[in-house]
Amino acid sequence: MSEGLRQAPTTTHQVSYRCEDRCLTARVTGTLESIDALIAMFGGFAEELLRQKPTALLVLDETVSIMPTDAEYQELAGHMEGSGFDQVRTAYVDVRGESLARIELGELIAREQGYQLRVFDNEKLARIWLRYGAD
């Protein structure tokens, strides 16, 4: 990543957090207009993971968002390295159900990097996987 050339993303999304039973839930609303905004969002998740030390992360994505390319998903996975994601099971829910097929590519890339991450279009199924599911 050419960090010197990147501008800080405009924040057009909001995240609210709740932690119960060692599961951190992040509800994301608004718009994610660039890969930088997506990376910043995951950076915020990482800060909460380090602060609250949960065993699971449930992301409820209600945003209107860009669709990252393969290379951008690789870039995002690189930013996740060393940020606490390797210590938690992560379920990412596309609440709007509009982008699941494309987000699944992100799951494959994250899993190749060793993260326990799955994507869903159903919050109940995501919660079941976080609690009981096998990889």
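The values are calculated or read from the model by the stated rules, or taken from the named source; none is laboratory data. Just so it is clear, the model here is predicted, and its values are computed rather than measured. FYI the Cβ positions are ideal-geometry reconstructions off the backbone, even for glycines, and counts take in every protein chain you see. Protein only, heavy atoms only, side chains kept; ligands, DNA and RNA dropped before computing areas. Shrake-Rupley method; radii C 1.70, N 1.55, O 1.52, S 1.80 Å.
Within the stretch 31-40, being open to solvent by 30 Å² or more (accessible area, probe 1.4 Å) and not β-branched (Val, Ile, Thr) holds for Glu33, Ser34, Asp36, Ala40.
Of all the residues that make up the stretch 41-71, how many are open to solvent by 50 Å² or more (accessible area, probe 1.4 Å) and not basic (Lys, Arg)? I'd like the intermediate steps shown before the answer.
Initial filter on the stretch 41-71 (open to solvent by 50 Å² or more (accessible area, probe 1.4 Å)): 47, 50-53, 55, 62, 64, 67, 69-71.
Then keep just the ones that are not basic (Lys, Arg); that gives 47, 50, 52, 55, 62, 64, 67, 69-71.
Qualifying residue count for the region: 10.
Here Asp94 passes the criteria (1) under 12 Å from the mean Cα position of the chain (by Cα); (2) under 17 Å from Ile39 (Cβ atoms); (3) modelled with pLDDT of 85 or more except the one numbered (2). Just need a number here: residues in the stretch 70-119 that are free of Cβ contacts under 8 Å to residues at least 12 places away in the same chain and among the hydroxyl-bearing types (Ser, Thr, Tyr). Count: 0.
Picking from residues in the stretch 86-122 that are open to solvent by less than 80 Å² (accessible area, probe 1.4 Å), assigned to a loop (DSSP other than H, G, I, E, B) and touching a Leu at 6+ places or on another chain (Cβ under 7 Å), the one that is farthest from Glu75 (Cα to Cα) is Val95. Taken over the stretch 123-135, the criterion of being of a type in the set (Gly, Ala, Ser) and either open to solvent by 70 Å² or more (accessible area, probe 1.4 Å) or part of a loop (DSSP other than H, G, I, E, B) (or both) is satisfied by Gly133, Ala134. Just checking, how many residues over the stretch 50-74 are part of a strand (DSSP E or B) and either within 24 Å of Glu112 (Cβ to Cβ) or at pLDDT 95 or above (or both)? Total meeting the criteria: 7.
Does Arg18 count as without any contact (Cβ under 8 Å) to a residue 12 or more places away in the chain and assigned to a strand (DSSP E or B)?
On the way: without any contact (Cβ under 8 Å) to a residue 12 or more places away in the chain: yes; assigned to a strand (DSSP E or B): yes.
Against the criterion (without any contact (Cβ under 8 Å) to a residue 12 or more places away in the chain and assigned to a strand (DSSP E or B)), Arg18 qualifies.
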